[in-house]
Amino acid sequence: MQTPFSRFLLATTLVLLCAVSPDGSAQTQDKGMKGVYSFTMKKIDGTMTPLAAYKGKVLLIVNTASFCGYTKQYATLESLYRAYKDRGFEILGFPANNFGEQEPGTDEEIKTFCSTKYDLSFDMFSKISVKGDDIHPLYAYLTREAGHNGDITWNFNKFLVDRDGKVLARYGQKVDPMSAELKGLVETLTAK
């Protein structure tokens, strides 16, 4: 016999199960919240992290790959991060295997590659899809609703997010993280 409490537990469990993507990341934390902060993502070490934990920070969200002609941008991403991290700047790296199968590794292999080859200290997340039928909800939001719409074109596309969670700019793979264009806006945003 079901009690009102057992029906409540069942309904709550079903809602929670429906809010989790196949890769294990929750699609939204708060149905009333909209934007980047509404997602909870799995870090490369397996821990679940609500992007709301980055509220008040300037963010650069980047889809990455280990075997790409642009992989050397890991070095300039790290330089940019070290230059501004004490001013409330964070880089969120999202490995993706959508382009030329240039990110075939497991999370552990990607983590080892990034730490040994580039000594990365910014936050890396679990591998996701950033384009296509299996696009992760975060990237569906970034490419369809955040104001800088259009499919991700290749590895190392970048979205710059202000301290209020608004996506202010989008840069393609050819824009180096330490370019005057990108670095200048990070400088301005982190000075506020």
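Some notes on this structure:
- When each of Lys117/Lys183; Lys43/Lys131; Lys55/Lys127; Lys42/Lys174 is checked by Cα-Cα distance, pairs over 25 Å: Lys42/Lys174
- Residue order for Asp45, Asp176, Asp162 - accessible surface, 1.4 angstrom probe, largest first: Asp45, Asp176, Asp162
- For the range 27-102, applying the loop criterion from DSSP together with a ceiling of 12 other beta carbons within 10 Å to the GluC sites (Glu not before Pro) yields Glu101.
- The range 123-192-the range 58-95 distance, computed between alpha-carbon centres (Å): 11
- Residue-level accessible surface for Ser115, protein heavy atoms, 1.4 Å, Å²: 60
- Arg144 accessible area, assembled protein chains, probe 1.4 Å, Å²: 130
- Measuring with a 1.4 angstrom probe and ignoring ligands and nucleic acids, Lys55 comes out at about 110 Å² accessible.
The values are calculated or read from the model by the stated rules, or taken from the named source; none is laboratory data. Keep in mind that this is a model prediction, so the values were computed, not measured. Note: ideal-geometry Cβ built from the backbone for every residue, glycine included; neighbour counts use all protein chains shown. When the accessible area is computed, the model is the full protein with side chains, heavy atoms only, and any ligands, DNA or RNA have been set aside. Shrake-Rupley method; radii C 1.70, N 1.55, O 1.52, S 1.80 Å.
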